[in-house]
Structure formats: C-alpha cells, structure tokens
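These notes concern the structure reproduced below.
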Number of protein chains: 2
Amino acid sequence: MRKKRTKEQAMDQQLPALGVEPYLELMNQTAAEDTERKSAHMGLLMLWLSDNVLDVMDGDLAPYGISESKLDLLLLLVLHEGRELITPSGLADRLGIRRASVTALLDWLEKRGWIIRIQSEADRRMIHVRITEEGRALVKQVLPTFWSTCASLFDGLSQEERVIAEKLLIKLHGIVEKRMGGGR
Amino acid sequence: MRKKRTKEQAMDQQLPALGVEPYLELMNQTAAEDTERKSAHMGLLMLWLSDNVLDVMDGDLAPYGISESKLDLLLLLVLHEGRELITPSGLADRLGIRRASVTALLDWLEKRGWIIRIQSEADRRMIHVRITEEGRALVKQVLPTFWSTCASLFDGLSQEERVIAEKLLIKLHGIVEKRMGGGR
DNA sequence: CGCAACTAATTAGAATATCTAACTAAAAGA
DNA sequence: TCTTTTAGTTAGATATTCTAATTAGTTGCG
C-alpha cells in the first residue's frame, strides 16, 4: 500500500517544493559520464509519475475496500475463466510473487467470499481457484471506476497528444516489460 | 516494497500471457458510457508501466540495501541542506506520509548511521534531521546507478521519440501531480 | 502569571504486502 | 517401494504504512 495525502501540518516549518531543477543539478554532479542526461531527467519524471499514478488508482479504489493488486488477481480469475484451470502456482507466476504470498492473498479474498478454492481431482496436491458470484459482483461494481480513473490520467491532453501518447506508452511498456522478463 | 521476479515454477499449469486484448474486451462490457475508451486503454498501459518502472528501480537499488522511498528521503536532506531546517513534520508533509511513519523511517536510517537527529534549540519539541557523512557517501555511491536506471527506461527510443516523450512526460506529470495536490 | 489549548515527536498496536525456510501431502521416477 | 520432486501452506520475518494515545514543550489569553 502506498501513501495517502491529508492535511496535518502547520503552515510553519514546511519544506518548500523544489521542483525538478535541484535534482538536475545534482544529477550533473553525480551521474556516470555515459548516462544520457536528457533520458535520466525523463526517467526521474517517469518515476515520480509512476508513484502518483499508483497512488491515484489506489485512492480511487479504496472506497471499495480493495487494492489494485487484489483487483488484478480477481481480473485474472475472470479473464482466464473457462479457458484454463487456475492454481495458486499459476497465479504466483503471473503476478511475479511467491506462492506463499499468493496463499495470503487468497486467504484474504476467500475470507470475504470473493473466491473459492477447490481441490483438484486429477492431482490432489493442486488447488483450483475460482471467483464467486460475490467476487464477480464486486468486480462489476469496481470496474467502471477503474476504467474512468485510467482515462482520467490523460484528462488534459489534446486529441493529437493522445495519439502520440498511445504510441509512446505502448513502446515504453514494451521496453520495460522486456527489462522485467514479465508478460501480462 | 514491491514484487520480485524469480523462476520457481514448472512449465506446467502456467497461465498463458493474455496481452491487453481481453482487458479491452472486458472494458467494453464494464466501463461507464462516458469513459473514453482510448484513454482508458492508455491508462491501463500506464498502470502496468508504472508498476514495472518502480520494480525496475527497486531492483536496481536493492544491492545497495536501500529502497527508492528511503533514497528519496536522503535526497531531500541533501537538497535542502543549508537552505532550511528539516524536521520530521516537514518531511512527513513533503513525502505525503504521517509523522509516525517518518519516525519509523528515521529510526531505520539512523540505525545505519546515515542521518542524525538534533534537538532544536529554539523550540525544544522539534528535531532537526541531518544527513551524515556516511549517508552522503551512500548517496554518492547509489546515485550513478539511480540515474542510469532512470535513463535506461528509454533505451529503445529514437532521438525524435525522446523529444516527444519529454514533452509528454512533463505534461502527464503535471496532470497527475495536480490530481494529487502534491508538489515536489 | 498560570492554565488551557495546541503542536512536535514518539510509542504502541495494527494492517498490508511481501519474503525465506521449513513442513505436509501427493505424485512421479527408477 | 523408496527417493525425489512438486503444490500448497505455515511460521516467522521485514518493510511500509496507518490510527490513537502519550509525552513534552510552546502559546494564547484572562
């Protein structure tokens, strides 16, 4: 879970917002010679942006009592439904976390009645995970907000800017996805 | 702390990577009427990208035994040094977390000798936080990696694409920053 | 002045999200 | 059958956050 923002501060010994410039100055003194300054600057913005994007989404999902990562798991269950059997191991692999972490996640979701575990007939070590009707109802309730929050990230962009943004995002996503060895 | 990626999975009951299409199909069924589909699609990519960006950075910083958020705090100390007095309250406000959380962060950093707390003379309730020589040394050691990781996020982009990306990132950062009420 | 009200920081206790290592039970191999 | 491997869970840990209560110091005001 990430930050929250509330007011709890006397307008007093507050640190002024520095903006990006002091960071760039520091970069000039501390980056390796072969580091492309312009790219590093963009990366810094990207990092800040990423932080804020996740905060915004978690903030908008909070009223539903579910985090983005748990919703992610539920969506996985919805999208793979019928196609293939979903096991904790499979989920761990797809989410990039350990089996033990999935166990904890599933415990949490099961406690709320949003998923069920069914022991596999074929291989009795395995568990099949399924979303319940209640889980499906939750997803249905949450998704409109999810999508509108997604869209809201680009609210100030013109039509042309959106076209550009789309291409770029696809490319960046590809670059970083590769760098992670991941795949969604 | 976010995910990690390791192999610990039999090539067996793995969930296939679905890609973005099933998500878009689901969006068509579940987004509100007035949600702009193209933007929502981009937002989804942005969300995935954000997750990956933070993972990449935390992965690259891990060898130094410090997380991005703790490095962030140390950088704040470096950049405000000499200009203004830095208190836990001020830090909490700037980092968008509670004073109690800052206390925990400072305990951790102090235990490693990277910061010190100095009781204020003027107002004995207050604490001034300062980075130590060891803390400065750590920052100096980490920053080259930090910047090169930042830059690496754009490794596959052409020169023109970078120019476009820069404009766009500045704009998006502005949008989301505003949406958060934040300021760095 | 002296006390009520406020403020700064910490402590205590909790939740989430992750990890590693050890364990249990089942399946597979030889 | 007996060993090894696999799936899932448990146990115990760390990190990052929170709220509420506490301690100690400052300020305002009658």
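The values are calculated or read from the model by the stated rules, or taken from the named source; none is laboratory data. These figures come from a predicted structure and were not determined experimentally. Here the Cβ positions follow ideal geometry from the backbone for every residue, glycine too, while neighbour counts run over all protein chains shown. For accessibility, only protein heavy atoms count, side chains too; no ligands or nucleic acids. Shrake-Rupley method; radii C 1.70, N 1.55, O 1.52, S 1.80 Å.
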Exercise for the section: Given a cut-off of 25 Å, name the pairs among A:LYS171/B:LYS167; B:LYS140/B:LYS171; A:LYS38/A:LYS167; B:LYS70/B:LYS111; A:LYS140/A:LYS171; A:LYS171/B:LYS171 whose C-alpha atoms lie farther apart than that in the structure shown. Expected result: B:LYS140/B:LYS171; A:LYS140/A:LYS171
Handout entry: Under 5 Å, built H, 5+ apart or other chain: amide partners of A:ILE86
Key = A:VAL129
Practice task
Hey, can you grab everything whose amide H is under 5 Å from the amide H of A:SER120? Only 5+ residues off in sequence or another chain; H modelled, so Pro and N-termini drop out.
Solution key: A:MET126, A:ILE127, A:HIS128
Exercise for the section: Pop out the ³J(HN,Hα) list for the range A:73-78 in order, Karplus 6.51 cos²θ - 1.76 cosθ + 1.60 with θ = phi - 60°, rounded to Hz; leave Gly and Pro as x. Expected result: 5, 4, 4, 4, 5, 5
Practice task
Compute, for A:ARG37, the solvent-accessible surface of its heavy atoms (probe 1.4 Å) with the complete set of protein chains present, and express it in square angstrom to the nearest 10.
Solution key: 70
Exercise for the section: Heads up, I need the accessible area for A:HIS41: 1.4 angstrom probe, whole protein in place, Å², nearest 10. Expected result: 30
Problem - Positive-end residue of A:ILE175, B:LEU85, B:THR30, charge dipole of the protein assembly as shown with Cβ unit charges - result: B:LEU85
Handout entry: Residue-by-residue Karplus 3J(HN,Hα) for the range B:129-140, coefficients 6.51, -1.76, 1.60, Hz, glycine and proline x
Key = 9, 9, 7, 8, 4, 5, x, 4, 5, 4, 4, 4
Fill in the blank from the handout: Expected integer from the mean partner chain Cβ neighbour count at 10 Å over B:93-106 is 3
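So for chain A, averaging the separation of alpha carbon pairs under 8 Å that are six or more residues apart and normalising by length, what relative contact order in percent results? Can you show the working numbers first?
Values: 109 pairs, mean separation 34.1, N = 184.
After rounding, I find 19 percent.
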Completion exercise
Mean-square fluctuation maximum in Gaussian network of chain A, Cα pairs under 10 Å, restricted to A:GLU25, A:GLU81, A:GLU133, hits A:GLU25
Handout entry: Cβ-vector label at 7 Å, A:SER120, separations to other copies in nm
Key = 6.1
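Restricting to DSSP H runs of at least four residues, report the calculated mean residue ellipticity at 222 nm for the protein assembly as shown, -39500 (n - 2.57) per run over all residues, nearest 500 deg cm²/dmol.
Details: 14 runs with 222 residues, N = 368.
Computed mean residue ellipticity for the protein assembly as shown: -20000 deg cm²/dmol.
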Handout entry: Solvent-accessible area buried by A and B, counting both chains, probe 1.4 angstrom, square angstrom
Key = 10100
Problem - In Hz, Karplus ³J(HN,Hα) per residue of the range B:150-155 (6.51, -1.76, 1.60; θ = phi - 60°; x = Gly, Pro) - result: 3, 5, 5, 5, 10, 4
Completion exercise
Taking the axis of the rotation relating chain A to chain B, the A residue whose Cβ comes closest, together with that distance in whole Å, is A:SER50, 2
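Report the local net charge at A:ARG37: Lys and Arg +1, Asp and Glu -1, summed over other residues whose C-beta lies under 14 Å from its C-beta.
Details: positive: A:LYS38, B:ARG162; negative: A:GLU21, A:GLU25, A:GLU33, A:ASP34, A:GLU36, B:GLU166.
For residues surrounding A:ARG37, the net value is -4.
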Fill in the blank from the handout: Here, chain B modelled as identical Cα point scatterers in vacuum has Debye log10 I(q)/I(0) at q = 0.09, 0.19 Å⁻¹ of -0.50, -1.38
Fill in the blank from the handout: Taking the label point 7 Å from Cα along the Cα-Cβ vector, the copy-to-copy distances for A:GLY59, listed from shortest in nm with one decimal, are 2.9
Fill in the blank from the handout: Here Rg/Rh (Cα, Kirkwood) for the protein assembly as shown equals 0.99
Practice task
For the range B:95-135 and the range A:105-138, compute the distance between their C-alpha centroids and round to whole Å.
Solution key: 45
Fill in the blank from the handout: Listed by chain and number, the residues whose amide H is under 5 Å from that of B:ILE115, excluding neighbours fewer than 5 places away on the same chain and using placed H, are B:GLU110, B:THR132
Exercise for the section: Heads up, I need the accessible area for A:SER101: 1.4 angstrom probe, whole protein in place, Å², nearest 10. Expected result: 50
Problem - Per residue accessible area of the range B:67-179, 1.4 Å probe, in Å² - result: 48
Exercise for the section: Mind listing the label-point distances from A:GLN29 to the same position on all other copies, shortest first, one decimal in nm, points 7 Å along Cα→Cβ? Expected result: 5.7
Problem - Accessible-area order (highest first, 1.4 angstrom probe) of the listed residues B:ARG130, B:ARG124 - result: B:ARG124, B:ARG130
